[in-house]
Amino acid sequence: MVGLAFKRGIDALVRVIRPTLGPLPRHVALPRATSGSPEILDNGGVIARRIYELPDLDADAGAMFLRHILWQQHERDGDGTATTAVLFQAIYNGGLAYVAAGGNAMLLRRQLEDGARLLLDEMDRQVLPVEGQEAIERVALAICGDPGLANRLGEIFDIIGEYGWFEVRTGRGRDLEREYVEGVYWEGGALSWQMLADRPKARVELENPAIFVSDLEFDEPEQLAPVLRAAAEAGHKALLIVASRISDRAMGLLAANRQAGTMLILAVRRPGASLHEAVGGLDDLAHLTGGRPLVSQARPEIDVFAAEDFGRARIAWASKDHWGIVGGRGDPRGLRAHITTLRAAYGRMTDPADRKQIRARIGKLMGGSATLWLAGATDSEVNFRKDVAERTAEAVRGALIEGALPGGGVALLACRKPLAGRLAAATGVDERASLRILLSAVEQPLRTLVSNAGHEPAAVMAALDDAGPGFGLDVVSGRIVDMARAGVLDSASVQKAAVWRAVTGAALALTTDVLVHHKNPAKEFNP
Amino acid sequence: MTENAALDFVYGMAVSQAFVEDGCCFAARTSGLFRSEDAGITWALAPQNLNLDAGLAALAVAVSPAFRTDRMVFAGVAGGVLRSLDAGHNWEAIPLPSPPPVVTCLAVSPDIEQDGYLFAGTMEDGIFRSPDRGRSWHSWNFGLLDLRCLALAASPAFAEDETLFAATETALYRSTNGGRAWRETGLPLEASPVLSLALSPAFRADGVLFAGTDAGQFQRSRDRGRTWEVLGSSALDGSINAVLLSPEYPDRHHVLVLCDDCLWLSRDDGATWVPLEGEGISAVAAPNGLGTGAFLLAGTVGGGVAHIPLAG
């Protein structure tokens, strides 16, 4: 039976991910492909990714099905993979028993998906806004379990906001350091090393520059003449040229102008690694500075370039690898409308890479960025901490956008009441089966979390039933508390996504009846 | 009404908390920062020890809320901030990071003696924050899409709620982390620019703040800036350049506004307004509240300072 084979694979995968659920997770050691030292992991998504083939081919299909769902959860939401895994297993196994007893898998699937909507509605009802450093810190702590990191992320996201541009880099020493950079910057840096050679720290800064916004390539010096002429006629003392490439001969013209001392000139590489990114970057730069972008695809006529086409900023700077502006002089109303458009696009996008790219653009336009520097005794520790910081940041963003839920599995546990209410009114056999499955499943994350923290789930469940709605086990203090009041919070977006993926994924898996294996299957490490 | 010799335009006024006893007050003028020790009867150029060129315009002035004890005064000028630690006798010029910004407004933490926080709004460069009583400055403009700052106001409970409001040309912003990041309030965008702000002395409890707009709207929020309502729209017809609340607010619902160059007083939280005597006024301070028998110090477009008594 396909279902039983799937179950073997799902159980095998969930068995290694289950210990990572909760603020006091157990770690999972996996051997590396390239060396003998094991990799220590507490992230269900990464653990799932490392397991890419079970010896039992039938079981492998079930494991890979779940693996794909967990990786989606990890990529899109940054956290909640263990919750997804535990829920998925409970629903699949419950559904499998029903189907084995003669139930209709297709009808059950429909009812389970209806039930998922009920769960999401109930979770929406419990959502609390996340505002201020303390609340953000609490959400971060629930995800990463590291008070120092949670504190830093609380401060950072209170400043940069939900769309803020945030990077994690390897630092020195043992402390977590953070750095805030005002304004916008892009990778690329100065187009010519000579422009930086005589500057302290190899960095040039221009005050009140005119900004030529383009992705053009300049081969001949004459091509730059209209730009230089327009800047000179307008009396600009500093000029930033944004371009894809400037030949050595054309660069010579700029150097001659600089040496003449009439105008400080800096040429930098246009934003974006790809053409697509470049168009977006130029659009952002144009809105920030008020300049008219000259995009090569549109075959612009540079001869008619005029002084009013320049963008303006208070400061432009460039180093070898980066360049940026501070205090763009674009129209704030136009900039606000541009950000609104990008936010709407962000909401519509489904591809994680596209979403990240557009979020980075919004974050940059909001006026600054933050870098978290973290260190460790070994490369493994550094990579582990960076991974934790990045996925916690991802979940924090979700919490800032969609709010938080009482943590510790309590929000899901509160779904028992509406489920029970619907069960009491339900008459259809499939609907009743689906509701019973979900009633059992919503307890599983809390039971697992409690067990992982070294407590007895049955005793805790009894204590919670006595305490009433909203109460849960603070596994750090070991006390039964009102989770929202105690500040034990989970990201609502993460939890809701986990529920939706687990229920719809398990419901779909239950409908699988036939497995076909390739004789020589292609190996794919990416889920 | 008495008026001394007119010099020029008065951008802002600030008075000592012990004004009734010490008569100390300051006027930010086109011709510089002026100080009076006799309740505004006579004035002298304040930062004499700096040997500044005559004509260094002062665009804003603020005294420390703990002026009685800390004697601190600050003034906004082109390129930086002037600071005095002895009630305006001696001054130091503190430049803000280059390119030199023009400081148009100041906000002082009510707890500056303890936390040292001071904020400067600028004409083109957003908002600068000093954590050490004005000695050093850094710009903090995260979330601020418009860097042309017109007005700043700190919560009376800043030490606890770290809340500030900043009005720019195109929106009103709020910070809840001591000026390190800014988010737009719920004030409709079409209401901007806001020229003046005033927070209830009981802001932490009642969440009330007022905003006067360039278009003559007198707006009130009762929920820390999330939602707004327009008050007394028929009486006020002009730019609302200043808003002052009674120190006893909300027990006494006295509100004063400077609408264009005239003063209007409301004793019912902005529902109805009565005009006060005088015109050509460009800045105002209320040294002893807005009750009957109190008086106002009014800087004028000509550069003079007038005393305006508040009748019953």
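The values are calculated or read from the model by the stated rules, or taken from the named source; none is laboratory data. Predicted, not measured: the structure shown is a model, and the values here were computed from it. Reconstructed Cβ throughout: ideal geometry from the backbone, glycine too, with neighbour counts over all protein chains shown.
Brief remarks follow.
- Output for region B:88-99, where each listed residue is surrounded by fewer than 21 Cβ atoms within 10 Å (Cβ to Cβ) and over 16 Å from residue B:131 (Cα atoms): B:89, B:90, B:92, B:93, B:98, B:99
- For region B:127-140, the set of residues classified as within 14 Å of chain A (Cβ to nearest Cβ) and farther than 19 Å from residue B:155 by Cα consists of B:137, B:138, B:139, listed by residue number.
- Residue within region A:73-82 that is among the hydrophobic types (A, V, I, L, M, F, W, C) and surrounded by fewer than 24 Cβ atoms within 10 Å (Cβ to Cβ) present: no
- Single residue of A:120, A:153 found to be under 25 Å from residue A:382 (Cα atoms) and touching a residue at least 12 places away in the same chain (Cβ under 8 Å): A:153
- Check on residue A:172, surrounded by fewer than 16 Cβ atoms within 10 Å (Cβ to Cβ), outside any helix (DSSP H, G or I) and either within 25 Å of the chain's Cα centre (by Cα) or in the same structural domain as residue A:379 (by TED's automatic domain parsing) (or both): yes
- Wholly enclosed helices (runs of 4 or more DSSP H) of region A:377-469 bearing at least 2 residues outside the structural domain of residue A:162 (by TED's automatic domain parsing) and of a type outside the set (A, V, I, L, M, F, W, C): A:416-425, A:429-441, A:444-452, A:457-467
- Flag if residue A:164 is within 38 Å of the chain's Cα centre (by Cα) and over 22 Å from residue B:140 (Cβ atoms): no
- The residues of region A:226-238 that are out of contact with any Leu (no Cβ under 7 Å at 6 or more places or on another chain) and either touching a residue at least 12 places away in the same chain (Cβ under 8 Å) or among the β-branched types (Val, Ile, Thr) (or both), listed by number, are A:226, A:227, A:228, A:230, A:232, A:233, A:234, A:236.
- Residue, nearest to the chain's Cα centre (by Cα), within region B:187-218, restricted to residues that are within 23 Å of residue B:140 (Cα to Cα) and within 14 Å of chain A (Cβ to nearest Cβ): B:194
- Applying the set (1) part of a helix (DSSP H, G or I); (2) within 14 Å of chain B (Cβ to nearest Cβ) to residue A:312 leaves exactly one unmet item: (1).
- Which numbered condition residue A:334 misses (of (1) part of a helix (DSSP H, G or I); (2) touching a Gly at 6+ places or on another chain (Cβ under 9 Å); (3) away from chain B (no Cβ under 14 Å)): (3)
- Hey, residue B:227 closer than 24 Å to residue B:185 by Cα and in a loop (DSSP other than H, G, I, E, B) or not: yes
- Of the numbered criteria (1) touching a helix residue (DSSP H, G or I) at 6+ places or on another chain (Cβ under 8 Å); (2) within 10 Å of chain B (Cβ to nearest Cβ); (3) among the charged types (D, E, K, R), the one residue A:131 fails is (1).
- Checking each residue in region A:321-347 for being over 25 Å from the mean Cα position of the chain (by Cα) and touching a residue at least 60 places away in the same chain (Cβ under 8 Å) picks out A:325, A:326, A:327, A:328.
- Elements of type strands (runs of 3 or more DSSP E) in region B:100-199, at least 3 residues being in contact with a Lys or Arg (Cβ under 9 Å, 6 or more places away or on another chain) and surrounded by 19 or more Cβ atoms within 10 Å (Cβ to Cβ): B:118-122, B:164-168, B:172-175
- Checked against the criterion of being surrounded by fewer than 24 Cβ atoms within 10 Å (Cβ to Cβ), assigned by TED's automatic domain parsing to the domain that holds residue A:453 and part of a helix (DSSP H, G or I), the candidates A:103, A:94, A:45, A:62 yield just one match: A:94.
Residues checked against (1) at pLDDT below 95; (2) in a helix (DSSP H, G or I); (3) β-branched (Val, Ile, Thr):
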{"site": "A:276", "(1), (2), (3)": "yes, yes, no"}
{"site": "A:280", "(1), (2), (3)": "yes, yes, no"}
{"site": "A:285", "(1), (2), (3)": "no, yes, no"}
{"site": "A:297", "(1), (2), (3)": "yes, yes, no"}
{"site": "A:327", "(1), (2), (3)": "yes, no, no"}
{"site": "A:345", "(1), (2), (3)": "yes, yes, no"}
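- Near pairs, Cβ below 6 angstrom, 6+ apart or cross-chain, from region B:230-249 (over 20 Å from residue B:200 (Cα atoms)) to any residue that is among the charged types (D, E, K, R): B:238/B:260; B:239/B:214; B:239/B:260
- Where residue A:52 falls short, out of the listed (1) farther than 28 Å from residue A:473 by Cα; (2) within 22 Å of the chain's Cα centre (by Cα): (2)
- In the set (1) surrounded by fewer than 22 Cβ atoms within 10 Å (Cβ to Cβ); (2) in a strand (DSSP E or B), the condition left unmet by residue B:252 is number (2).
Yes/no per residue for (1) assigned by TED's automatic domain parsing to the domain that holds residue A:253; (2) touching a strand residue (DSSP E or B) at 6+ places or on another chain (Cβ under 8 Å); (3) surrounded by fewer than 18 Cβ atoms within 10 Å (Cβ to Cβ):
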position	(1), (2), (3)
A:179	no, yes, yes
A:195	yes, yes, no
A:203	yes, yes, yes
A:207	yes, yes, yes
A:211	yes, yes, no
A:215	yes, yes, no
A:218	yes, yes, no
A:225	yes, no, yes
A:231	yes, yes, no
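- Residue in region B:42-50 that is of a type in the set (Gly, Ala, Ser), on the phi < 0 side of the Ramachandran plot and surrounded by 24 or more Cβ atoms within 10 Å (Cβ to Cβ) present: yes
- For region A:259-274, filtered to residues that are out of contact with any strand residue (DSSP E or B) (no Cβ under 9 Å at 6 or more places or on another chain) and assigned to a loop (DSSP other than H, G, I, E, B), the residue that is farthest from residue A:206 (Cα to Cα) is A:274.
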